[in-house]
Amino acid sequence: MAQIGVPKRIIETPQPIFIPSTVPIEWPESVPDPMVQPAEPVRTPELVPA
Amino acid sequence: MAFFPPPLQNKPPTKPGVGMNDWARYVKANPLETIVAEEGRTAWKRVEIVVRDDWMMLQSIHSSDIVNSSPTAARCKIQHHRAPDEYCTCGWYGFYDRFHPQLVPFLSSQPLMEVYLQGKLIEHEEGVRGEWQTPLGIYLDHPNHNNGLIGVFLTSYNQQYFSVEQFINDIDIPVNVGGKWMY
Ligand SMILES: [Zn+2]
């Protein structure tokens, strides 16, 4: 630990200003999102009685 | 708008008086005034160059925390409150005086760094503790740096030398060598 002497005063100053990146994130279209439900329900094949 | 992770505040601090350090006892006897200021302040510290699997990193020699090139919040590892705390020893440390005796160069792997501290600051007699730390520049001031060499101890306790040029290429912070800024 650095030896910086006894505390004397507390100063509240603004937090750093963060500049977010302006580069848009592009998602590849070929990768399906597992959270998105398909638009049309997948039709299950009807059972054929034996 | 806060884009940074907030300091850990989810755990309650330990009971007052438990594990009290000298500063906590002093502050209890001499309560600190709090003022508000528009600007943070600059301070000086020594950091350690650490090489792990060909990656060069900078660590605070006082806390062993990694020093990022972007603003980073201090996190208290003792009581999990907002750092720095007047009753604790946490926070990013810096000295006011660039020529403070505790900043004398010892190892070539410990360059001097100027930082900008923001957020909550606690002013001490010879230095300051801060909440947010942003590196402004690294000063290679050890005699070995003039020979273009930095010696780093590896985890195997072997020493490896690498060039000042390699350090400048790997580190995302302006580096000052012999009074000249290198990028
Ligand atoms: Zn603390």
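The values are calculated or read from the model by the stated rules, or taken from the named source; none is laboratory data. All values reported here derive from a predicted model rather than from experimental measurement. All Cβ positions, even for glycine, are placed from backbone atoms using ideal geometry, and neighbour counts span all protein chains on display. Note: areas computed on protein heavy atoms with side chains; ligands, DNA, RNA excluded. Shrake-Rupley method; radii C 1.70, N 1.55, O 1.52, S 1.80 Å.
Listed values, structure above:
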item: Enumeration of residues in region B:93-112 that are in a strand (DSSP E or B), away from the ligand (no atom under 16 Å from the Cβ) and not hydrophobic (A, V, I, L, M, F, W, C); result: B:Gly94
item: Those residues of region B:36-64 which are of a type in the set (A, V, I, L, M) and either within 16 Å of the ligand (Cβ to nearest atom) or within 13 Å of another protein chain (Cβ to nearest Cβ) (or both), in sequence order; result: B:Val36, B:Ala37, B:Ala43, B:Val47, B:Ile61
item: Residue count, region B:93-112 (criterion: aromatic (Phe, Trp, Tyr) and crowded, with 20+ Cβ neighbours inside 10 Å); result: 2
item: Region B:135-165, subset of a type in the set (Phe, Trp, Tyr) and open to solvent by less than 90 Å² (accessible area, probe 1.4 Å), residue modelled with the highest pLDDT; result: B:Tyr139
item: Residue ID - surrounded by the most Cβ atoms within 10 Å (Cβ to Cβ), chosen from residues in region B:77-92 that are away from every other protein chain (no Cβ under 12 Å) and within 7 Å of the ligand (Cβ to nearest atom); result: B:Ala83
item: Any hit, region B:121-139, residues being farther than 22 Å from A:Gln3 by Cα and either in contact with a Gly (Cβ under 8 Å, 6 or more places away or on another chain) or touching a residue at least 60 places away in the same chain (Cβ under 8 Å) (or both); result: yes
item: Exclusive hit being of a type in the set (A, V, I, L, M), closer than 21 Å to B:Glu39 by Cβ and either open to solvent by 20 Å² or more (accessible area, probe 1.4 Å) or within 16 Å of the ligand (Cβ to nearest atom) (or both), set B:Val115, B:Val128; result: B:Val128
item: Residue match in region B:65-74 (condition: within 15 Å of the ligand (Cβ to nearest atom) and either surrounded by fewer than 20 Cβ atoms within 10 Å (Cβ to Cβ) or modelled with pLDDT under 90 (or both)); result: yes
